[in-house]
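Single-structure report; data block below.
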Amino acid sequence: MIIMVLNCGSSSVKYQLFDIKKEEVLAKGVVERIGLDGSRLKHMTEKKDVFIEREINDHDEAIELIIKVLSDEDYGVIENIEEIKAVGHRVVHGGEYFTESSLITEEVMQRLEECIPLAPLHNPANIMGIKAIKKILPEIPQVAVFDTSFHQSMPDYAYLYALPYELYEKRKIRRYGFHGTSHRYVSKRAAELAKLDYNQAKIITAHLGNGASITAIKNGKSVDTSMGYTPLEGLVMGTRSGDLDPAIPVALLRENRMNPASIDNLLNKKSGVLGISGISSDMRDLEKAASKGEDRAKLALTIYAYRLKKYIGAYLAVLGGADIIAFTGGIGENSSFIREKSLEGLEFFGIILNKEKNEKARKKEVDISAKDSKVKILVIPTNEELVIARDTQEIIEKEGK
Ligand code: AMP
């Protein structure tokens, strides 16, 4: 069964085409700069990579081009577009409506629209992608897989802020959490690798990419996570501040004559390790700069690892210990330095790293815990697209589509 997975952003559409029975990726690619100068498609298959530069004005045109390329005589991977049985979409925000992935119906579309105030940058792009498919392939079933739904299992004492309760009742201000698809995939895979029953395990997953979040998972359910009402809360990230005293933006508004948009930009785009180091948001650049003795790069790495360690400690408390700590995302999968620093000093919890294995672990599934470690420490490359494809298959089969 062939399933297309789409991740629609405001000016980009990423896609993967799966033969889901074999769990094989037939083709993948991205359309970038939609509606801007220099719009282009990059398409990759086993056999060759193709670049097409041309005007692409909107998501309809982007998806039309993707479909054309997928069935192209020269570089396509299917003969006929009808071979695609369903489309799975990454949808950022499902609010409190969606606790799991869902077949897209008129009612679901309405809910997605209602979630726009919660994710004003992301949900509109996801909706555009769904509408484009509906226009181009009206009969095809579509499934939404939400970044937030895995975290809907959090108890109220973990998801509520200490704000007037009406803000939750009237404006739905609460912790939602993000990266749920990744935390779900990595935690399940971690339990498999550790040969533990997922439904009885205590797992901490650290998704460390450009955005970063950490989740406490108990008996197969997310019980707390570091991102909150928006993806700004929690860990230090590439350009996002993570946790800070909420009085700081208010002080900046008052004293520096900043406005909401510039504060938003400061906290989301200019902070994090970029803000501290003044060098880069990219962990590779910072590790290089730190090794050359740049003090602010060293400081950025130290703060990043320290804050991660604080959350690991917090979630050990939440879970009453852990069976597994799993690292994923570009940094989690590659940076032995950050993994080591964030676990340093946690030996008394039974968290003991095998430094040699950690040093070598890159981009593949590896157990990096020492023999005498009570807690398994794993590196697990995430695969959100595979989860979306699997969920899509499961849902359309269940619904008899
Ligand atoms: P992602 O958003 O998951 O693609 O992750 C992006 C982050 O992963 C960036 O900060 C990269 O610097 C980081 N990253 C990728 N490869 C490496 C590497 N070999 N060592 C350290 N960080 C890396």
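The values are calculated or read from the model by the stated rules, or taken from the named source; none is laboratory data. Quantities reported herein were computed from a predicted structural model and do not represent experimental measurements. Counting neighbours? That spans all protein chains shown, and the Cβs are built from the backbone with ideal geometry, glycine included. To get the accessible areas, we keep the full protein, side chains included, count just its heavy atoms, and leave off ligands, DNA and RNA. Shrake-Rupley method; radii C 1.70, N 1.55, O 1.52, S 1.80 Å.
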The orientation-averaged projected area of the Cα convex hull of the range 274-321, in nm², is 3.6 nm²
With every protein chain left in place, what is the accessible area per residue of the range 247-302 in square angstrom, probe 1.4 Å? 65 Å²
Residue 171/residue 74 FRET efficiency (R0 60 Å; Cβ-Cβ; nearest 0.05): 0.70
Roughly to the nearest percent, how much of the accessible area of the chain is carbon and sulfur, given a 1.4 Å probe? 49 percent
Calculate, axis by axis, the spread of Cα positions in the range 297-382 along the three principal axes, and write the results as whole Å, longest axis first. 31, 27, 22
Take the cross-link list 85/270; 14/269; 170/401; 172/401; 48/221; 218/371 and give me the ones stretching past 32 Å between alpha-carbons. 85/270; 170/401; 172/401; 48/221
Which whole-number value in Å² is the accessible area per residue of the range 7-76, probe 1.4 Å? 55 Å²
The chain: calculated mean residue ellipticity at 222 nm from DSSP helix runs of at least 4, using -39500 (n - 2.57): -11500 deg cm²/dmol
Nearest-ten-degree value, helix 123-136 long axis tilted from longest Cα axis of the chain: 20 degrees
If one puts a single equal scatterer on every Cα of the range 64-134 and applies the Debye formula without solvent, what log₁₀ I(q)/I(0) results at q = 0.15, 0.25 Å⁻¹? -0.59, -1.08
With viscosity set to 1.306 mPa s and temperature to 10 °C, compute the Stokes-Einstein D of the range 1-97, Rh being the Kirkwood radius across alpha carbon pairs; µm²/s, no decimals. 115 µm²/s
With labels modelled as points extended 7 Å from the Cα through the Cβ direction, what inter-label distance (nm, one decimal) is found for residue 196 paired with residue 53? 5.1 nm
Accessible area per residue in Å² at 1.4 Å probe, computed on the range 117-159: 42 Å²
Taking a virtual spin label 7 Å from the Cα of residue 291 along the C-beta vector, which residues in the range 318-361 bring their backbone nitrogen under 19 Å of it? 330-342, 355-361
Describe numerically, in nm with one decimal, the distance between label points set 7 Å from Cα along Cα→Cβ at residue 1 and at residue 37. 4.6 nm
Residue 263-residue 219 pseudo-label distance in nm [points 7 Å out on the Cα-to-Cβ vector]: 4.1 nm
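Per the Kirkwood treatment, what hydrodynamic radius in Å, one decimal, follows for the range 203-349 from the mean inverse distance over all distinct Cα pairs? Intermediate values should be presented prior to the final figure.
On the way: mean 1/r = 0.0629 Å⁻¹.
It works out to 15.9 Å.
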Looks like the chain, by Cα gyration tensor root eigenvalues a ≥ b ≥ c and the a/c under 1.5 rounded cutoff (else prolate when a/b is bigger than b/c, oblate otherwise), is rounded
